[in-house]
Amino acid sequence: MLEGIIIKGISGFYYVEVQDTIYECKARGIFRKRNKTPLVGDRVSISIVDEEGKKGIVEEIHPRVSELVRPPVANINKVMITFSVKEPNPNFVLLDRFIVFSERENLDIVIVLSKTDLDESGEITKSIQEEFEKVGYKVLAVSTKTGENMEKVLEELEGCISVFAGQSGVGKSSIINYIAPGIDLATAEISQKLGRGKHTTRHAELFKIGKNAIIADTPGFSSFELNNIEVEELQEYFIEFEQYRTCKFGSKCIHKNEPACGIKQAVEDGNISKRRYESYLQILDEINNLKGKLKRNL
Ligand code: GDP
């Protein structure tokens with residue numbers, strides 16, 4: 001048996017890369033019976049049925065480190081959350097939503113602040129970098145125009161299965177093309193241009209770059225949903241809140257209208273960024289609204 005990784009799945013065929021060779025595999029029926037079908041990103045053992053034709057059978061799926069539902073992809077362990085200093089201007093609430101989603105999925109988070117060449121004074125870059133480093137995230141300020149810190153992006157990707165997340169136009173494809181010229185990523189934007197409907201199955205695909213880095217091209221990663229997050233749970237994904245959760249109402253406190261709230265105090269004292277706190281409130285409201293809607297529809 002050989003061990004490899006599923007890099008692509010198309011209509012019941014799984015393309016398994018084993019040390020630079022790709023085998024076209026079917027999966028054993030047993031997986032379907034157990035309701036555990038292979039996913040792109042799965043590490044698998046395969047048996048070879050035709051060495052010359054490079055055909056095999058997926059015999060075993062190794063335990064997953066992570067599993068994203070939409071798009072369905074296994075074993076992603078890092079997310080490069082990308083947004084630009086300008087063109088488009090930073091959308092911080094969206095950024096914080098990406099962070100919430102990624103924290104919830106237990107992914108390693110790196111914030112990529114792109115197009116720094118457009119920030120002549122460097123002031124915007126500096127303040128954003130400081131804010132997120134204070135929260136506890138690694139921030140890479142990059143530009144594909146000047147090449148600033150692009151080698152660090154590649155370094156971050158080594159040894160991981162990563163995904164680039166971020167709104168359209170922030171420079172994700174440009175960054176990937178810069179570090180891995182020739183890779184042709186079919187991004188979400190392109191899929192939309194092709195008019196793929198909402199209900200079409202979205203495929204994820206993995207690409208190997210450098211020595212040991214894998215990037216997942218995952219159309220749909222940006223369309224994650226908040227509706228299965230609980231109101232009390234949200235605060236866990238604002239990681240800087242943790243040390244200030246000395247609230248009178250303990251874990252019941254959602255840091256909104258409650259008295260003697262440690263988080264509100266920390267915002268007042270300047271220990272938690274006011275902007276991040278406002279993002280938190282906004283996402284909290286969204287979750288509440290979603291829950292309200294769900295109830296009304298029952
Ligand atoms: P994506 O939608 O996130 O994949 O963004 P693209 O990579 O398609 O980039 C969107 C636009 O931003 C394109 O016109 C790029 O030429 C431009 N762009 C990308 N990186 C940079 C950069 O570092 N500096 C500047 N000034 N423009 C960039």
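Structure above, values below:
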{"quantity": "Single residue of THR125, THR37 found to be more than 20 Å from the chain's Cα centre (by Cα), at negative phi and in the same structural domain as ALA204 (by the TED database)", "calculated": "THR125"}
{"quantity": "Residues that are assigned to a strand (DSSP E or B) and more than 16 Å from the ligand (Cβ to nearest atom), drawn from the stretch 108-160", "calculated": "ASP108, ILE109, LYS138, GLU158"}
{"quantity": "Filter result (under 21 Å from ASN77 (Cα atoms), touching a helix residue (DSSP H, G or I) at 6+ places or on another chain (Cβ under 7 Å) and at pLDDT 90 or above) within the stretch 167-183", "calculated": "ILE175, ILE179"}
{"quantity": "Number of positions in the stretch 123-139 that are surrounded by 12 or more Cβ atoms within 10 Å (Cβ to Cβ) and within 12 Å of LYS86 (Cβ to Cβ)", "calculated": "3"}
{"quantity": "Residue that is nearest to LYS274 (Cα to Cα), among those in the stretch 104-119 that are surrounded by fewer than 18 Cβ atoms within 10 Å (Cβ to Cβ) and at pLDDT below 95", "calculated": "ARG104"}
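Residue by residue, here is whether (1) assigned to a helix (DSSP H, G or I); (2) modelled with pLDDT of 75 or more; (3) among the basic types (Lys, Arg) holds:
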| site | (1), (2), (3) |
| --- | --- |
| ARG196 | no, no, yes |
| LEU206 | no, yes, no |
| ARG275 | yes, yes, yes |
| GLN282 | yes, yes, no |
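The values are calculated or read from the model by the stated rules, or taken from the named source; none is laboratory data. Keep in mind that what you see is a predicted model, and the values were worked out from it rather than measured. A quick note on method: Cβ atoms are made from the backbone with ideal geometry, for glycine too, and the neighbour counts reach across all protein chains shown.
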